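Report on the structure given below.
No lab work stands behind these numbers, since they all come straight from the coordinates. Values in this document were obtained by computation on a predicted structure and should not be read as measured data. As a convention, Cβ positions derive from the backbone with ideal geometry for all residues, glycine included, and neighbour counts pool all protein chains shown.
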Amino acid sequence: MMTANNNRVVLTLLASLLLATGCQSKYQPIETSAAQLNGPLASLHQPGSQGAGQQDADSVSSKGGPFGPMEQSSVSAAGTGNDSTAAASAESTGPAGTAVDAETAASAGTTAAAETVPQDTAAPEFTAADETVYVTGSDVNVRSSYSTSSEIVATLNTGASVKRTGYNGEWSRVIYQGKECYIASAYLSAEEPERQAVVQPAAAEGEVRLNPDWKYAEFSEINSGAAMLYRADGEKRKGITVCVNAGHGTKGGSSVKTLCHPDGSQKVTGGSTAAGATTATAVSGGMTFSDGTPEPKVTLALALKLKAKLLDAGYDVLMIRESDDVQLDNIARTVIANNAADCHIALHWDSTTNNKGAFYMSVPNNSAYRNMEPVKSHWQQHNALGESLIGGLRDAGVKIFSNGAMEMDLTQTSYSTVPSVDIELGDKASDYSDATLDTLAKGLLAGVNAFFGQ
């Protein structure tokens, strides 16, 4: 016979069983959530998750300043399955590490998982503009759209210029490499930053040979020759040294190989050496003009004219080659320029046959290549020098090919630590008469003046 006390015990057990099997709260915590176990920050930066609110290089630096490329996840999405309803009702973590439902989180100012789903918003209004603006920070992102979640097209550093076609309080619409892109307005200015010449320790006038202790010198294979340094005379001397490199002109150079990149990585574009190669010809022999004249003779003739004009304008000049042969490969030429000049200009003609016009070899828009040193620290200087030289040639009436630039992964660029460019003055079918060479030299001098602000 059951007593009243026994009846109460049985009823209590039955009630507990019902609650355990069929009465779970709709706010039951998700067992797999790390936030339930480790507190309110445990769900951040989970491998494989995508943050819902990212901070861009346009606003936060990886070094703590305003310009770094860091993009950090601020809140991890709660749930990655196909059930959007489940994701919307999943719980956020409360301030004390306890689970709260989406409505409670929203009312308390805590971001809930449902709120991290991007919402369609109207396109912002941009005030029309037509002006050149300049980047005012390091590693500033160029994006495909006006959002920190959009694709990063490139990163630019202080002094880089772009054309702005529109702006609002947050974003500027710009043209970058012929495409419409966006940059945070806070890192653009209509005032051009003052350009400082890269001043190297003064070298004595006369021969300059490759010092084996110089950075990257160990990668050179042909280096028994010497460059020649000339000083400008008189009060007009600027204290700026321009390296003039007459392309080619090293006997035996085409049978020797050197590393394309100092880190041994593969070449990222085709050219005289195919993309994917890790070694390239130390110094190629060059092409032959349509009338049978070898390219090295023409590059030397232009180099001598440019030397005279630069000296007369007050520049010191480092001549890589002043004869038919100098035993310096492309790496030796580059390293000598790095240590004895403020910029490096290599003169070439292209191997095509349609009199295409002049252009410079720009640094490829390849993230791996642009993140490799010394390219990473200097590629914008290289492109800026190329743009200045093309501008000078254009103003002198020289025919320019396309937009004046062609992307190319070059040994010269890969080892340069001063502004450095390979400029092609035409091709096999181009005129190289004395008068034409004089015009080319005048245009190149004008470009050098523009680059150094002279």
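Scan around Ser362 for amide H atoms under 5 Å from its own, H built in the peptide plane at 1.01 Å from N, and keep only partners 5 or more places away or cross-chain.
Amide H neighbours of Ser362: Met406, Glu407, Met408.
Between Ser189 and Asn211, what length comes free when the chain is fully extended (0.36 nm per residue of separation minus the Cα-Cα distance, one decimal in nm)? Before the final figure, lay out the partial values.
Working: separation 22, 0.36 × 22 = 7.92 nm, distance 4.15 nm.
So the chain would gain 3.8 nm between Ser189 and Asn211.
Over 22 Å between C-alpha atoms is what I'm after, so list which of Lys399/Lys442; Lys236/Lys307; Lys257/Lys305; Lys251/Lys442 land there. Don't jump to the answer; show the numbers that get you there.
Values: Lys399/Lys442 14 Å; Lys236/Lys307 16 Å; Lys257/Lys305 31 Å; Lys251/Lys442 30 Å.
Pairs exceeding 22 Å: Lys257/Lys305; Lys251/Lys442.
Using 1/(1 + (r/R0)^6) with R0 = 41 angstrom and r between the beta carbons of Ala277 and Asp438, what's the FRET efficiency to the nearest 0.05? Spell out each step's value before the answer.
Details: r = 38 Å, r/R0 = 0.92.
Step by step, r from the Cβ atoms, then E = 0.60.
Expected output is a single nm value to one decimal: the length gained when fully extending between Asp130 and Ser224, i.e. 0.36 nm times separation in residues minus the C-alpha distance. What is it?
Values: separation 94, 0.36 × 94 = 33.84 nm, distance 5.24 nm.
Full extension of this stretch gives 28.6 nm more.
Between beta-carbons, use under 14 Å as the cut-off and find the net charge around Thr411, counting Lys and Arg +1, Asp and Glu -1.
Values: positive: Lys257, Lys267, Arg333; negative: Glu221, Asp263, Asp329, Asp409, Asp422.
Result for the neighbourhood of Thr411: -2.
Can you tally the net charge around Asn339? Count Lys and Arg as +1, Asp and Glu as -1, for every other residue whose Cβ sits under 13 Å from the Cβ of Asn339.
On the way: positive: Arg209, Lys215, Arg333; negative: Asp213, Asp342.
Neighbourhood net charge equals +1.
Could you give the length gained on full extension between Glu373 and Ala123, defined as 0.36 nm per residue of separation minus the Cα-Cα distance, in nm? Can you show the working numbers first?
On the way: separation 250, 0.36 × 250 = 90.00 nm, distance 3.87 nm.
Additional length available on full extension: 86.1 nm.
Counting only DSSP beta bridges with both residues in region 342-454, tell me the antiparallel percent, nearest 5. Show your work: numbers first, answer last.
Numbers: 2 of 11 bridges.
Here the antiparallel bridges make up roughly 20 percent for region 342-454.
Does region 206-452 come out rounded, prolate or oblate, given a ≥ b ≥ c as the square roots of the eigenvalues of its C-alpha gyration tensor, rounded meaning a/c under 1.5 and, failing that, prolate meaning a/b above b/c? All intermediate terms of the calculation are to be shown ahead of the outcome.
Values: a/c = 1.30, a/b = 1.13, b/c = 1.15.
The shape class here is rounded.
Ser420's amide H: which non-local residues (gap 5+, or another chain) put their own amide H closer than 5 Å, with H modeled 1.01 Å from N in plane and none for Pro or chain starts?
Here the answer is His344, His382, since their amide H atoms fall under 5 Å of that of Ser420.
Take every DSSP beta bridge whose two residues both sit in region 239-378, then give the antiparallel share in percent to the nearest 5.
Numbers: 4 of 13 bridges.
DSSP beta bridges in region 239-378 are roughly 30 percent antiparallel.
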